[in-house]
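Asker: Handing you this structure, nothing more for now.
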Amino acid sequence: MAQDKTPLTDGEALAARQRRADTKMAAALADLVLALKADALDPELLAGAVLAALHPPGQEAAALFRRRGRAYFRRLSLRAAFARSDSRNPEDHADPRRREPPPAGSAQARGA
């Protein structure tokens, strides 16, 4: 005999969707903590660091946190690209927006 399933009400469906989203967010945060090796920190230190990021003492501190985070994720994506590539030359995966200065004494360095 088949079990009788009643359709979910709008409220129940919304609550179920919210639980799935909450579970997904918790898993993503746990993955981030593990990837950053922040699980090695004691909980009070980790909580303090997160609170400092949420309530920075000034705009400069918030901008610094963003720059560091952006740089971290950029390095991760470059490492992933390098790992997927057949090439073993890291220069093949360098950020094209980042340009090294010309060698000293070259025509470009003298502005010629």
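The values are calculated or read from the model by the stated rules, or taken from the named source; none is laboratory data. Please read all numbers here as calculations on a predicted model, not as lab measurements.
Asker: Specify which of the listed residues (Ala52, Ala27) is within 23 Å of Phe73 (Cα to Cα), among the aliphatic types (A, V, I, L, M), modelled with pLDDT of 90 or more and assigned to a helix (DSSP H, G or I). Can you show your working first?
Answerer: Details: Ala52 fails: modelled with pLDDT of 90 or more.
Sole residue among the options that is within 23 Å of Phe73 (Cα to Cα), among the aliphatic types (A, V, I, L, M), modelled with pLDDT of 90 or more and assigned to a helix (DSSP H, G or I): Ala27.
Asker: Among the residues that make up the stretch 30-38, is at least one of them part of a helix (DSSP H, G or I), within 15 Å of the chain's Cα centre (by Cα) and not aliphatic (A, V, I, L, M)?
Answerer: yes
Asker: For the stretch 1-18, which positions are modelled with pLDDT of 90 or more and either polar (S, T, N, Q) or within 21 Å of the chain's Cα centre (by Cα) (or both)?
Answerer: Once the filter is applied, which keeps residues that are modelled with pLDDT of 90 or more and either polar (S, T, N, Q) or within 21 Å of the chain's Cα centre (by Cα) (or both), the stretch 1-18 yields only Gln18.
Asker: Here is a follow-up. Among the numbered criteria (1) at pLDDT 90 or above; (2) within 16 Å of the chain's Cα centre (by Cα), which single criterion is violated by Ala21?
Answerer: Just one mismatch for Ala21, condition (2).
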